[in-house]
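What follows is a set of notes on a single structure, which appears directly below.
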Amino acid sequence: MTTRERDGLFLLDACRNPMPKGAKAAKKRRLIRAGVPGVCSVLKAVCTTNTPVILIAHPVYDAAAAELRSGGFNVVNSGPIDFPAMSRTPHFREQLPRALSAAGWMPKPSGVL
(Lines give C-alpha, C1' and ligand atoms only; values in the text may rest on other atoms or scores of the structure.)
Protein backbone atom coordinates (compact mmCIF):
# COMPACT_ATOMS: atom_id res chain seq x y z
CA MET A 1 0.00 0.00 0.00
CA THR A 2 1.39 3.40 -0.94
CA THR A 3 1.43 6.44 1.34
CA ARG A 4 -1.26 7.96 -0.86
CA GLU A 5 -3.49 4.91 -0.34
CA ARG A 6 -2.86 4.90 3.43
CA ASP A 7 -4.05 8.50 3.37
CA GLY A 8 -7.27 7.42 1.65
CA LEU A 9 -6.39 8.53 -1.88
CA PHE A 10 -6.52 6.18 -4.84
CA LEU A 11 -5.45 6.74 -8.44
CA LEU A 12 -7.49 5.36 -11.31
CA ASP A 13 -6.38 5.87 -14.90
CA ALA A 14 -9.03 7.09 -17.31
CA CYS A 15 -7.79 4.67 -20.00
CA ARG A 16 -6.47 1.14 -19.83
CA ASN A 17 -3.63 1.89 -22.24
CA PRO A 18 -1.21 4.81 -22.44
CA MET A 19 -2.09 7.59 -24.84
CA PRO A 20 -0.53 7.18 -28.28
CA LYS A 21 2.66 9.18 -28.63
CA GLY A 22 1.92 12.57 -30.13
CA ALA A 23 -1.86 12.25 -29.74
CA LYS A 24 -3.66 15.58 -30.01
CA ALA A 25 -6.15 16.71 -27.36
CA ALA A 26 -9.19 15.77 -29.49
CA LYS A 27 -7.96 12.18 -29.92
CA LYS A 28 -7.18 11.95 -26.19
CA ARG A 29 -10.70 13.12 -25.37
CA ARG A 30 -12.18 10.50 -27.74
CA LEU A 31 -10.13 7.71 -26.16
CA ILE A 32 -10.98 8.87 -22.65
CA ARG A 33 -14.68 9.22 -23.49
CA ALA A 34 -14.64 5.64 -24.79
CA GLY A 35 -13.18 4.51 -21.47
CA VAL A 36 -15.69 6.32 -19.24
CA PRO A 37 -18.08 3.34 -18.96
CA GLY A 38 -15.21 1.24 -17.60
CA VAL A 39 -14.25 3.99 -15.16
CA CYS A 40 -17.89 4.17 -14.02
CA SER A 41 -17.92 0.42 -13.40
CA VAL A 42 -14.80 0.59 -11.25
CA LEU A 43 -16.06 3.62 -9.35
CA LYS A 44 -19.42 1.94 -8.68
CA ALA A 45 -17.55 -1.02 -7.22
CA VAL A 46 -15.36 1.02 -4.86
CA CYS A 47 -17.20 4.29 -4.17
CA THR A 48 -20.43 5.62 -2.77
CA THR A 49 -22.24 8.63 -4.21
CA ASN A 50 -20.54 10.71 -1.48
CA THR A 51 -17.00 9.64 -2.38
CA PRO A 52 -15.13 12.65 -3.78
CA VAL A 53 -13.75 12.13 -7.28
CA ILE A 54 -11.03 14.46 -8.58
CA LEU A 55 -10.26 14.51 -12.30
CA ILE A 56 -6.71 15.40 -13.29
CA ALA A 57 -5.69 16.62 -16.76
CA HIS A 58 -7.70 18.79 -19.12
CA PRO A 59 -8.63 16.00 -21.58
CA VAL A 60 -9.84 13.78 -18.70
CA TYR A 61 -11.96 16.55 -17.20
CA ASP A 62 -13.33 17.61 -20.59
CA ALA A 63 -14.22 14.06 -21.62
CA ALA A 64 -15.47 12.60 -18.34
CA ALA A 65 -16.72 15.20 -15.83
CA ALA A 66 -20.23 15.70 -17.18
CA GLU A 67 -20.88 11.99 -17.71
CA LEU A 68 -19.56 11.06 -14.26
CA ARG A 69 -21.67 13.76 -12.63
CA SER A 70 -24.77 12.67 -14.53
CA GLY A 71 -24.00 9.11 -13.40
CA GLY A 72 -24.22 10.25 -9.78
CA PHE A 73 -20.53 10.54 -8.98
CA ASN A 74 -19.29 13.36 -6.76
CA VAL A 75 -16.78 15.12 -9.05
CA VAL A 76 -15.51 17.88 -6.75
CA ASN A 77 -13.31 19.95 -9.02
CA SER A 78 -15.23 22.58 -10.95
CA GLY A 79 -12.60 22.76 -13.66
CA PRO A 80 -9.61 20.82 -14.95
CA ILE A 81 -6.46 20.34 -12.90
CA ASP A 82 -3.25 20.50 -14.90
CA PHE A 83 -1.38 17.23 -15.41
CA PRO A 84 1.86 17.47 -13.41
CA ALA A 85 4.29 17.16 -16.30
CA MET A 86 7.00 19.48 -17.45
CA SER A 87 6.11 23.15 -16.99
CA ARG A 88 2.62 22.44 -15.55
CA THR A 89 3.86 21.01 -12.23
CA PRO A 90 3.63 24.34 -10.33
CA HIS A 91 0.01 24.74 -11.48
CA PHE A 92 -0.80 21.18 -10.39
CA ARG A 93 0.73 21.87 -6.97
CA GLU A 94 -1.60 24.86 -6.57
CA GLN A 95 -4.74 23.23 -7.98
CA LEU A 96 -4.69 19.82 -6.34
CA PRO A 97 -4.71 21.07 -2.72
CA ARG A 98 -7.76 23.22 -3.53
CA ALA A 99 -9.59 20.20 -4.94
CA LEU A 100 -8.58 18.05 -1.96
CA SER A 101 -9.83 20.75 0.39
CA ALA A 102 -13.12 20.96 -1.53
CA ALA A 103 -13.39 17.20 -1.08
CA GLY A 104 -12.96 17.60 2.67
CA TRP A 105 -9.68 15.68 2.70
CA MET A 106 -7.17 16.54 5.39
CA PRO A 107 -3.65 15.13 5.25
CA LYS A 108 -2.65 12.95 8.18
CA PRO A 109 0.15 14.27 10.38
CA SER A 110 3.57 12.85 9.55
CA GLY A 111 4.27 9.52 11.17
CA VAL A 112 0.61 8.60 11.64
CA LEU A 113 -0.48 5.44 9.85
Failed criterion for Leu12 (all others in (1) modelled with pLDDT of 90 or more; (2) loosely packed, with under 15 Cβ neighbours inside 10 Å hold): (1)
Helices (runs of 4 or more DSSP H) wholly inside segment 1-84 that include at least 2 residues being among the basic types (Lys, Arg): 3-6, 25-46
Filter result for Asp62 (closer than 19 Å to Ala103 by Cβ and of a type in the set (D, E, K, R)): no
Of all residues making up segment 85-105, the number that are in a loop (DSSP other than H, G, I, E, B) and among the aliphatic types (A, V, I, L, M): 2
Filter result for the condition that a residue is modelled with pLDDT under 90 and over 11 Å from the mean Cα position of the chain (by Cα), over Ala66, Ala34, Ala25: Ala25
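The values are calculated or read from the model by the stated rules, or taken from the named source; none is laboratory data. Bear in mind that the values here come from a model prediction, so they are computed numbers and not experimental data. Every residue, glycine among them, receives a Cβ derived from its backbone with ideal geometry; neighbour counts consider all protein chains shown.
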